[in-house]
Amino acid sequence: MNKTIIGVLVLFLYAGSFAQRANNNRNAGGSIINKSVKARIDSALKSFIDSGKIAGVSALIFEKNKETYFNAFGYADREAKIPMDRSTIVRIYSMTKPVTGVALMKLYERGAFQLDDPLSKYAPEFADMKVFKGVDSAGNMILEPVKRPITIRDITRHTAGFAVDTDIPGLRELVRKTDPMNFNTTLNEMAKRLATLPLAFQPGTQWAYGISVDVQAYLVERITGKPFDLFVKENILDPLGMTKTRYVVPETDRKKLAATYRRGDDGTLSRVPVDTNDFNTRGWPLKPGGFGLTSTLDDYMKFVQMLVNEGTVGKATILKPETIRLMATNHLSDTITQRMWLPSKGQVGFGIDFAVRLHPPATAEENNGIVGEFFWDGAASTLFWVDPVNDLTAILFVQIFPFDRKLHKSFRDAVYGKYVPQ
């Protein structure tokens, strides 16, 4: 039996056993979010407002398909004195990625591709890729052929080797000149530009976060012949009733769009100027898969509830249960040891556009969570997670740079209680 077949069997055995544990727990009853936990969450979130670390924050938690916590503190727009509330619209940045993954996996369910298919089978521009190995004495790039093609699995788990977010001398300058993610390009033009760049490493050998999910969006367009944003609207947003999730916020809703703030080294907050953050107020040609959507707590909770319910919410079925389990299963082998900052999320692997928790925290300093949860976050410190073991889903909305890991840890500790090493 070859390694690919063995790997697939392992993934599904793990996913199946995990699903059984989740189902057993759902039948067990009980709730994590009681009165004292609600007070603990309130205190944790309010402390970030009172200390001036953030301008506004809100959180929503569901258990067993019922809301068990909501609260909001501070301001969505501090200068205009507009409170953070349930209808506040925020930029979710990389929390767009799981939406893109679901869109791509709808095509997987239709038999449009297999995860280990070469990407070039559907996007020929990615054939015959080269890997950057440095520059010679004359300043010319040294390249080597790929040892195997980029696969679709690579672009779902960030192991393709794309070099967009690189500081490698000689390659960095070429990436900046090529500028594949220019907002004035389409996904088709993005892919053409990206395919001209050498890879930063051999496919499948490292985990490097970046443009892979935008390539997923491009693949959706190539396979369906339909604009990516329209496919997402018709196949995910509309069926789930996510009417406030979109790339461009219309003028009528602009007052609900939260301001974004940056915390300086001295701890003071400064508002990010609107003209440097206008992606969501103009109809740019680029509709990325890796970022760009805005949403509300209730809108995004519909998506997250679909995930915890293994593909179905109410009358809307978006994916099959086995597809959700596949997405929420770790796809990174132990041989992939270079993982950028992924270990800062805890003891996790990576599935299809989600981090997947493999082990409980080893220390009280690690992010708290339940083994088997899958989650992701956004650049402005937004966060969601799915805890199938407890049938719990949580969303945290805030608009603060730089990324605030301490806020996430405080929220998680408030939900589950501080982790005590065994």
Under 7 Å by Cβ, and 6 or more places apart or on different chains, what pairs join a residue from segment 303-314 that is among the hydroxyl-bearing types (S, T, Y) with one that is part of a helix (DSSP H, G or I) and buried (at least 20 other Cβ atoms within 10 Å of the Cβ)?
T312/M306
Counting only residues that are farther than 30 Å from V102 by Cβ and modelled with pLDDT of 95 or more, which one in segment 134-153 is farthest from the chain's Cα centre (by Cα)?
I142
Output for segment 224-246, where each listed residue is in contact with a Leu (Cβ under 8 Å, 6 or more places away or on another chain) and more than 21 Å from R91 (Cβ to Cβ):
T224
Would you mind telling me which numbered condition in (1) acidic (D, E); (2) closer than 18 Å to M129 by Cα; (3) in the same structural domain as M301 (by TED's automatic domain parsing) D165 fails?
(3)
Got a sec? Which of Q202, Q216 is of a type in the set (S, T, N, Q), in contact with a strand residue (DSSP E or B) (Cβ under 6 Å, 6 or more places away or on another chain) and in the same structural domain as T185 (by TED's automatic domain parsing)?
Q202
T100, sole failed condition from (1) at pLDDT 95 or above; (2) more than 25 Å from G292 (Cβ to Cβ)
(2)
Of all residues in segment 366-390, which are farther than 25 Å from F401 by Cα and not in a loop (DSSP other than H, G, I, E, B)?
D387
Exactly one condition in (1) in contact with a Lys or Arg (Cβ under 8 Å, 6 or more places away or on another chain); (2) among the charged types (D, E, K, R); (3) touching a residue at least 60 places away in the same chain (Cβ under 8 Å) is not met by K255; state its number.
(1)
Can you confirm whether E67 is touching a strand residue (DSSP E or B) at 6+ places or on another chain (Cβ under 9 Å), at pLDDT 95 or above, over 30 Å from G264 (Cβ atoms) and surrounded by 16 or more Cβ atoms within 10 Å (Cβ to Cβ)?
no
Within segment 123-168, the residues that are in a strand (DSSP E or B), without any contact (Cβ under 8 Å) to a residue 60 or more places away in the chain and not charged (D, E, K, R) are G134, V135, M141, I142, L143, P145, T151
Looking at the structure I just gave you, is N25 at pLDDT 95 or above, assigned by TED's automatic domain parsing to the domain that holds S270 and farther than 22 Å from T296 by Cβ?
no
Filter result (crowded, with 17+ Cβ neighbours inside 10 Å and farther than 27 Å from D229 by Cβ) within segment 171-201:
L171, P198, L199, A200, F201
Hits in segment 213-229 - residues which are touching a residue at least 60 places away in the same chain (Cβ under 8 Å) and of a type outside the set (D, E)
V213, V215, Q216, A217, Y218, L219, V220, R222, I223, T224, P227, F228
Given (1) more than 29 Å from I61 (Cα to Cα); (2) small (G, A, S); (3) in contact (Cβ under 8 Å) with a residue 12 or more places away in the chain, number of the condition G289 does not satisfy:
(1)
Condition broken by G346, with the remaining ones in (1) on the phi > 0 side of the Ramachandran plot; (2) out of contact with any strand residue (DSSP E or B) (no Cβ under 9 Å at 6 or more places or on another chain) satisfied:
(2)
Given (1) in a loop (DSSP other than H, G, I, E, B); (2) within 27 Å of F162 (Cα to Cα); (3) over 16 Å from the mean Cα position of the chain (by Cα), index of the condition G290 fails
(3)
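The values are calculated or read from the model by the stated rules, or taken from the named source; none is laboratory data. These numbers come from a predicted model, not from an experiment. Note that each Cβ is placed from the backbone with ideal geometry, even for glycine, and that neighbours are counted across all protein chains shown.
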